[in-house]
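Here the structure is laid out as C-alpha cells; the discussion comes afterwards.
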Amino acid sequence: MTTYIALFRGINVGGKHSLPMQSLKSILEDLGCRQVRTYIQSGNVVFQHAQVARAQFGEQIGAEIEKRHAFKPQVLLLTAEDFEQAVALNPFPEATAEPKTLHVSFLAEEPGDPDLAGLESLKAERERFALIGKLFYLHAPDGIGRSKLAARIEKALGVPATDRNWRSVLKILEMAKELA
C-alpha cells in the first residue's frame with residue numbers, strides 16, 4: 001500500500017461546494033482507499049491505496065464526488081515524498097516561525113511559460129516568492145488576504161494550483177508519516 005495525499009480545491013469555501021468530510025471519507029473508502037484521514041474542512045485527505053496512476057485516480061475521485069454531490073472539485077494527488085520535498089525545498093526557512101504567513105501552492109504540472117515578471121510587479125514590498133518545479137512558495141508577512149500577488153498565482157503560472165499554509169503542510173505531512 002502507498003500513502004497518498006489528496007488536496008481538494010474549492011470545497012467548503014464561502015458556503016459553496018459543500019462536502020462533509022465524513023461523506024468524502026466514505027467516497028474514498030468506496031474507491032478502495034484505506035485508513036482515510038481528513039484534516040480540516042477545506043479538503044486535505046491522507047489515505048493508503050494500492051499503487052495508482054495519480055492523475056487518473058484524482059480524476060476518478062472528482063467524478064465520484066460529482067455523481068454524489070453535483071459538483072466536481074479539482075483533486076491533486078500527491079505522495080508523502082512530495083510533501084517531504086516541499087518542506088525540504090522551502091526557500092524561506094526563517095518564515096516558518098509564523099506559519100500562517102508562508103504558503104505553498106502545489107501545481108498540477110510544471111509551468112511551461114510562467115509570468116514571473118507579472119507576479120514580481122504585483123508583490124508587496126515585504127512579500128517574497130519562489131517557483132521551484134511544481135511548487136510555488138509565497139511568504140506574505142502582511143497577510144495572504146492582503147496580497148495582490150496571491151490572487152494571481154494560478155493565472156500567472158498557467159497551470160492549476162492549490163494552496164496550503166505552512167502549518168497545514170506540516171500537519172498533513174505528519175499525518176502521512178503516521179500512516180507509512
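Can you pull out the residues in region 160-173 that are farther than 16 Å from Asn90 by Cβ and surrounded by fewer than 16 Cβ atoms within 10 Å (Cβ to Cβ)? Hit for region 160-173 is Pro160, nothing else. As a summary of the residue check, Glu109 satisfies the conditions (1) in the same structural domain as Gly10 (by TED's automatic domain parsing); (2) under 22 Å from Thr2 (Cβ atoms) except for the one numbered (1).
Sort out which residues of region 8-67 are in a strand (DSSP E or B) and over 19 Å from Thr79 (Cβ atoms), and write them in order of number.
Within region 8-67, the first condition is being in a strand (DSSP E or B), and the residues that meet it are 8-9, 13, 16, 34-38, 44-49.
Correct list: Val13, Lys16.
Residue-wise test of (1) of a type outside the set (Gly, Ala, Ser); (2) within 17 Å of Leu7 (Cβ to Cβ); (3) surrounded by fewer than 19 Cβ atoms within 10 Å (Cβ to Cβ); (4) at pLDDT 95 or above.
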site: Pro93; (1), (2), (3), (4): yes, no, yes, yes
site: Lys100; (1), (2), (3), (4): yes, no, yes, no
site: His103; (1), (2), (3), (4): yes, yes, no, yes
site: Leu122; (1), (2), (3), (4): yes, no, yes, no
site: Ser147; (1), (2), (3), (4): no, no, no, no
site: Ala151; (1), (2), (3), (4): no, no, yes, no
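When we screen Glu120, Glu174 for residues that are closer than 23 Å to Gln48 by Cα and free of Cβ contacts under 8 Å to residues at least 60 places away in the same chain, the only hit is Glu174.
With respect to the conditions (1) touching a strand residue (DSSP E or B) at 6+ places or on another chain (Cβ under 9 Å); (2) within 30 Å of Gly145 (Cα to Cα); (3) free of Cβ contacts under 8 Å to residues at least 40 places away in the same chain, Cys33 lacks only one, and its number is (2). Applying the set (1) in contact with a strand residue (DSSP E or B) (Cβ under 6 Å, 6 or more places away or on another chain); (2) free of Cβ contacts under 8 Å to residues at least 60 places away in the same chain; (3) crowded, with 17+ Cβ neighbours inside 10 Å; (4) closer than 30 Å to Phe129 by Cβ to Met21 leaves exactly one unmet item: (4).
Could you tell me which of the residues Ile65, Ile132, Ile144 is aliphatic (A, V, I, L, M) and over 17 Å from the mean Cα position of the chain (by Cα)? Lay out the reasoning, then the answer.
Numbers: Ile132 fails: over 17 Å from the mean Cα position of the chain (by Cα); Ile144 fails: over 17 Å from the mean Cα position of the chain (by Cα).
Residue meeting the stated conditions: Ile65.
Among the residues of region 60-91, the one identified as basic (Lys, Arg) and surrounded by 15 or more Cβ atoms within 10 Å (Cβ to Cβ) is Lys72. Can Ile11 be described as over 19 Å from Glu154 (Cβ atoms) and surrounded by 13 or more Cβ atoms within 10 Å (Cβ to Cβ)? So Ile11 does not fit the description; no.
The values are calculated or read from the model by the stated rules, or taken from the named source; none is laboratory data. The model shown is predicted, which means the values in this text are computed figures rather than measured ones. Glycine also receives a Cβ, built like all others from the backbone with ideal geometry; neighbour counts cover every protein chain displayed.
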